[in-house]
Amino acid sequence: MDLEAVRTFVAVADEGQIQIAAQELGITQQAASKRIAALERRLGVRLFTRTPRGARLTLDGQTFLPHARALTEAADRAAASVRPGSRPLRVDVLGTNLITNGLLHDFHRDHPGVPLDVVALGDGRAALEGVRDGGLDAAFWVSRVPDRRLPPGMSAARVVDEPVVLVTGPAHPLADAAEVTPGDLAGHRLWMPGLAPGSEWAAYYAQLASEYGLTIDTGGTNLGGGHLLRTVADAPDVATLMGTRTPLVRPAGIELRTIPVRRPTPLYPLALMWRDDNRHPGLAALRTALTAGYRPPDPAAHWLPDWA
């Protein structure tokens, strides 16, 4: 059924004259008449009786009118639901315990009028595909993994470089250090369960380990952050690396040490990616908010993988 013809029928029924209805719709009287005639042929009934005073609804027209109104109202609601800015901005934050979730929290605080739909796929490849295919408006990712370039029509911008810290228990040999260098970590077991092969994080730590002779242990069962922290706290020979803004939800009764890594400080290079043809106004606001304060790091004081 031609929705514009239905809309024209409702307008004529409300105004009682085709000419006035046509003016309201921004079409000619002839075009309005053709729409009504086509709708009558489609339905197989007469909807109006033409009189010297205008167009009067037939019994079939009166019966059809409430359904026609429902059709046009449903169409208007459907269009409004996807009008730019009317639906929530869907953003993938990589993980709920990462700095990216905090960045989005800050954005929501400063832009309460932008509704958000936050997801945490935990997989950079899935996030890239989600943005590319339109399932996500934007997604955070670790910048520029060597074998994972953005497809045509997509862009990304660096939004934050998060310093890395060493986390140990009190019995660890480095527990009382005021700071450590990446080279100081050689020979110590850095446990990072769940570091999936082929992921952005795996690529990041592979190069860090290669440059400084580190031992990154990705084995064992990943039972969540609480289990990781309890293991680190209790073991004299296990440590881990985390971002400085990773929210540490410490299990009760454990003691942990967080030690700065300096000369140089490894940074997590995090970017926001989006489709260039996405016109959601919330996306424009998010991009502006996240990129406005970004400043490139000092290469003399920080370490980044060469692909970042």
- Item | Filter result for the condition that a residue is surrounded by 13 or more Cβ atoms within 10 Å (Cβ to Cβ) and of a type outside the set (D, E, K, R), over L71, L59 | L71
- Message: If I filter region 146-165 for residues that are buried (at least 18 other Cβ atoms within 10 Å of the Cβ), farther than 22 Å from P296 by Cα and over 26 Å from the mean Cα position of the chain (by Cα), do I get at least one hit?
- Response: no
- Note on the structure: For region 203-228, pairs from a residue that is hydroxyl-bearing (S, T, Y) to a residue that is surrounded by fewer than 15 Cβ atoms within 10 Å (Cβ to Cβ) and part of a loop (DSSP other than H, G, I, E, B), with Cβ under 7 Å and 6 or more apart or across chains, are Y212/A186
- Message: I'm trying to understand the selection: among the residues of region 103-141, which are of a type outside the set (V, I, T) and farther than 19 Å from A156 by Cα?
- Response: H105, D106, H108, R109, D110, H111, P112, G113, P115, L116, D117
- Number of positions in region 252-306 that are of a type in the set (A, V, I, L, M, F, W, C), more than 30 Å from H227 (Cβ to Cβ) and out of contact with any Phe, Trp or Tyr (no Cβ under 9 Å at 6 or more places or on another chain): 5
- Item | Meets criteria (buried (at least 20 other Cβ atoms within 10 Å of the Cβ), at pLDDT 90 or above, touching a Leu at 6+ places or on another chain (Cβ under 9 Å) and not in a loop (DSSP other than H, G, I, E, B)) for L229 | no
- Every pair of residues 6+ apart whose Cβ atoms lie under 8 Å, when the first sits in region 24-51 and is within 10 Å of T8 (Cβ to Cβ) while the second is surrounded by fewer than 14 Cβ atoms within 10 Å (Cβ to Cβ): R35/D2; A38/D2; L39/M1; L39/D2
- Query: Of (1) of a type outside the set (F, W, Y); (2) surrounded by fewer than 20 Cβ atoms within 10 Å (Cβ to Cβ); (3) modelled with pLDDT of 90 or more; (4) not in a loop (DSSP other than H, G, I, E, B), A177 satisfies all except one. Which?
  - Reply: (4)
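Listed here are the residues, each with its yes/no results for (1) more than 25 Å from the chain's Cα centre (by Cα); (2) at negative phi; (3) assigned to a loop (DSSP other than H, G, I, E, B).
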position	(1), (2), (3)
P236	yes, yes, yes
I254	yes, yes, yes
P260	yes, yes, no
Y268	no, yes, no
L272	no, yes, no
R279	no, yes, yes
A284	no, yes, no
R295	no, yes, yes
P305	no, yes, yes
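Going through region 82-112 one residue at a time, which ones are hydroxyl-bearing (S, T, Y) and either assigned to a loop (DSSP other than H, G, I, E, B) or in the same structural domain as L195 (by TED's automatic domain parsing) (or both)? Quick ask: steps written out before the conclusion?
Quick first cut of region 82-112, residues hydroxyl-bearing (S, T, Y) only: 86, 96, 100.
Those that are hydroxyl-bearing (S, T, Y) and either assigned to a loop (DSSP other than H, G, I, E, B) or in the same structural domain as L195 (by TED's automatic domain parsing) (or both): S86, T96.
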- Query: Among the numbered criteria (1) out of contact with any Asp or Glu (no Cβ under 9 Å at 6 or more places or on another chain); (2) more than 24 Å from V142 (Cα to Cα), which single criterion is violated by A233?
  - Reply: (1)
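The values are calculated or read from the model by the stated rules, or taken from the named source; none is laboratory data. Keep in mind it's a predicted model, so treat the numbers as computed, not measured. Cβ atoms come from the backbone with ideal geometry, glycine included; neighbour counts cover every protein chain shown.
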